[in-house]
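Read-outs: derived from the displayed coordinates by stated rules, not from any lab. Since this is a predicted model, take the numbers as computed values, not measurements. For neighbour counting, all protein chains shown are included, and Cβ atoms are generated from backbone atoms with ideal geometry for every residue, glycine included.
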Amino acid sequence: MTMLVDQASHLRSLVRQTRITRRRATVIAITSGKGGVGKSNVAVNLAITLSKGGKKVVLLDADLGLANADVLCGIDLQCNLSHVIARRKELSEVMIKAPGGFSLVGGASGLARMADLSDADRQRLVDALAELEDQADIIIVDTGAGISPNVLTFTQAADHVLVVTTPEPTAITDAYAVIKVICRRDGTARDPMAANDNTKRKMSLLVNQARSPAEARVVYERIAKVARQFIGTTLFDAGSVPLDDQVPACVRRRTPFTIASPRSAASQAIQQLAMKLAAGVTPTGDGGFFNRMSRWFRK
Ligand SMILES: Nc1ncnc2c1ncn2[C@@H]1O[C@H](COP(=O)(O)OP(=O)(O)OP(=O)(O)O)[C@@H](O)[C@H]1O
Ligand SMILES: [Mg+2]
């Protein structure tokens, strides 16, 4: 009898361990072609909103060389990713609790060395990212702008790439360029005449600083159409965040707008995005978070 009880408890503990080791965070890379479109503000405020909704969220500020998520959060960092690259700290040691309850891994600013990492250093960062995967539900990576190897390393390591643009023609053109490069890198760009979409990771477009949802929708449709026609990829519609005076006002106060101005239009837009993302995170065995999220995006 005692032996049976022992076996049962051993089994239960094994199941518990298996559950823990099988847990895998969803990695969302937030990127853009043009700089200054609002990636870091979206990343920080999405992290806060998802955390408030009960998710364990880690934000990795991977805008290597020009990081500033810590500034947006009003935090003075002692250690950052440059210490991880230099092998002076583990990633978990540089992670700190940020306002709103998420964990921040801060990036380095003003270090040319970080902006121009070797392949081995980049690999080390991706390996470190993998270590974080069993400690979080969602890992958000603010990749910085453009198509540098640093940015592409993180978009390739992600489950989902959220491309941020504004309605400006220059931002739209650059968003398309970055989508093209990511797809080529993935090997997912296909012959425009081919019938099936073989995209490995999901990619979606968020239109920030939109003057209306209708304006955002037009921007999305333009980019999605050329992405489908000329790259052969499906770009999902992540919606929009309105142009809102509260955003620059909160940046100046070094307080994220979802904390300082939770009723603002921008906060509500982030809340909508986060709620839909969070709804898909619970494991239900129906093909995973991103399959479910894509269904939502298609609605
Ligand atoms: N929805 C918005 N409404 C009004 N202003 C905004 C909005 N989003 C961003 N901004 C303005 O744009 C500025 C740049 O935003 P942010 O730093 O988040 O962009 P970024 O894409 O991360 O820039 P970088 O490419 O330099 O990393 C903010 O300081 C803010 O003033
Ligand atoms: Mg930024």
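Listed values, structure above:
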quantity	calculated
Relative packing of peptides 211-217, 162-168 - highest average C-beta neighbours within 10 Å first	162-168, 211-217
Relative contact order computed over region 24-298 (Cα-Cα under 8 Å; 6+ residues apart), in percent	24
GLN78 versus MET275: modelled label distance in nm, points set 7 Å from Cα along the beta carbon direction	4.0
Computed lengthening from VAL218 to ARG24, 0.36 nm per intervening residue step minus Cα-Cα distance	66.3 nm
Modelled FRET efficiency - R0 30 Å, ARG211 with THR255, Cβ distances, 0.05 increments	0.75
Label-to-label distance, nm, for residues given as THR170 and ASP134 (7 Å Cα→Cβ offset)	4.7
Largest-first ellipsoid semi-axes for region 24-298, taking √(5λ) over the Cα gyration tensor eigenvalues, angstrom	26, 22, 19
Residue list for region 231-250, given a label point 7 angstrom along the Cα-to-Cβ vector of ARG263 and an amide N cut-off under 15 Å	246
Karplus-derived 3J(HN,Hα), 6.51/-1.76/1.60, for each residue of region 62-77, Hz, glycine and proline x	9, 7, 5, x, 10, 5, 8, 4, 4, 5, 4, 8, x, 10, 9, 7
Backbone N under 18 Å from the ALA115 label point (7 Å along Cα→Cβ), restricted to region 32-54	32-37, 40
Over region 117-182, relative contact order from alpha-carbon pairs under 8 Å, at least 6 apart, %	28
Residue pairs, from the table LYS56/LYS97; LYS52/LYS97; LYS56/LYS202; LYS39/LYS202; LYS34/LYS56, whose Cα atoms sit over 23 Å apart	LYS34/LYS56
